[in-house]
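In what follows, a structure is listed as structure tokens, so that the remarks can point back to it.
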Amino acid sequence: MTDLLAVAAATKGFLPDDEAAALRAAAATAPPGLWLEVGTYCGKSTVHLGGVARERGAQLVTLDHHRGSEENQPGWEWHDASLVDPHTGRLETLPSLRHTLFDASLDDVVTVLVARTAQVAAWWSSPLTFLFLDGNHTEAMAQHDYAAFAPHVVEGGILAVHDVFPDPADGGQAPWHVVERALADGAFEAVSQHGSLRVLRRTARPVTGRPGE
């Protein structure tokens, strides 16, 4: 059997081990069905979620354009020059994800969707039992991704949001504002928090707003 924790540990990414354990625990409470991860990078969290999805009888879609977020670009703190494609001169994380999924033997449970969230939001209609928001952390895009995909989470489904920092001194505020919005709407109720990971559960209340609002 593939050691998924070892594969995840060897994969580049920004998910600490304790938050990864909390993410797996949250996913284990989600109903089987279709799960969506927004923000893949090289697949560290994908491995953690994919292993649980297999145990739960769920299918995981992981969505990313694979060109990196703002903080991954040259000149920024989290830039990794080894991930730059010499042909295009641009960051390219898709090959790393492919290698990760091969090593993890998760191709049967993980579907890779290569696109920007705005493209996918225009046609996505499938109900979700688990949604993990860990994509672009600018205010506009974080709000867009919530408005685009949170309405598809079924009642009782799970929403997990990463890099949530209520204190501006600790990090960007956009994911925290998403959590605030979800709770203020009444569309989700808080379940747990661990480090920068927040876990919420969908209520019967609708999600307000549309993508871009």
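Worth pointing out:
- Residue list for region 161-207, filter: surrounded by 14 or more Cβ atoms within 10 Å (Cβ to Cβ), more than 25 Å from R24 (Cβ to Cβ) and not acidic (D, E): Q173, H177, R181, V207
- Close pairs from region 106-126: first closer than 11 Å to V61 by Cβ, partner of a type in the set (S, T, Y), Cβ under 8 Å, at least 6 apart: V110/T46; V110/T62; T111/T62; V112/T40; V112/T62; L113/T62
- Considering region 22-33, and only residues there that are small (G, A, S) and either open to solvent by less than 40 Å² (accessible area, probe 1.4 Å) or within 12 Å of the chain's Cα centre (by Cα) (or both), the residue that is nearest to Q59 (Cα to Cα) turns out to be G33.
- Contact map, region 179-192: residues that are touching a residue at least 24 places away in the same chain (Cβ under 8 Å) paired with residues that are charged (D, E, K, R) and open to solvent by less than 80 Å² (accessible area, probe 1.4 Å), Cβ distance under 8 Å, separation 6+ or inter-chain. Pairs shown: A187/R202; F188/R201; F188/R202; V191/R201; S192/R198.
- Residue within region 34-46 that is of a type outside the set (S, T, Y), closer than 18 Å to H194 by Cα and open to solvent by less than 30 Å² (accessible area, probe 1.4 Å) present: yes
- Residue in region 127-140 that is closer than 25 Å to A25 by Cα, open to solvent by 10 Å² or more (accessible area, probe 1.4 Å), over 15 Å from the mean Cα position of the chain (by Cα) and among the hydrophobic types (A, V, I, L, M, F, W, C) present: no
The values are calculated or read from the model by the stated rules, or taken from the named source; none is laboratory data. Since this is a predicted model, take the numbers as computed values, not measurements. Please note: Cβ atoms are built from the backbone with ideal geometry, for glycine as well, and neighbour counts cover all protein chains shown. For accessibility, only protein heavy atoms count, side chains too; no ligands or nucleic acids. Shrake-Rupley method; radii C 1.70, N 1.55, O 1.52, S 1.80 Å.
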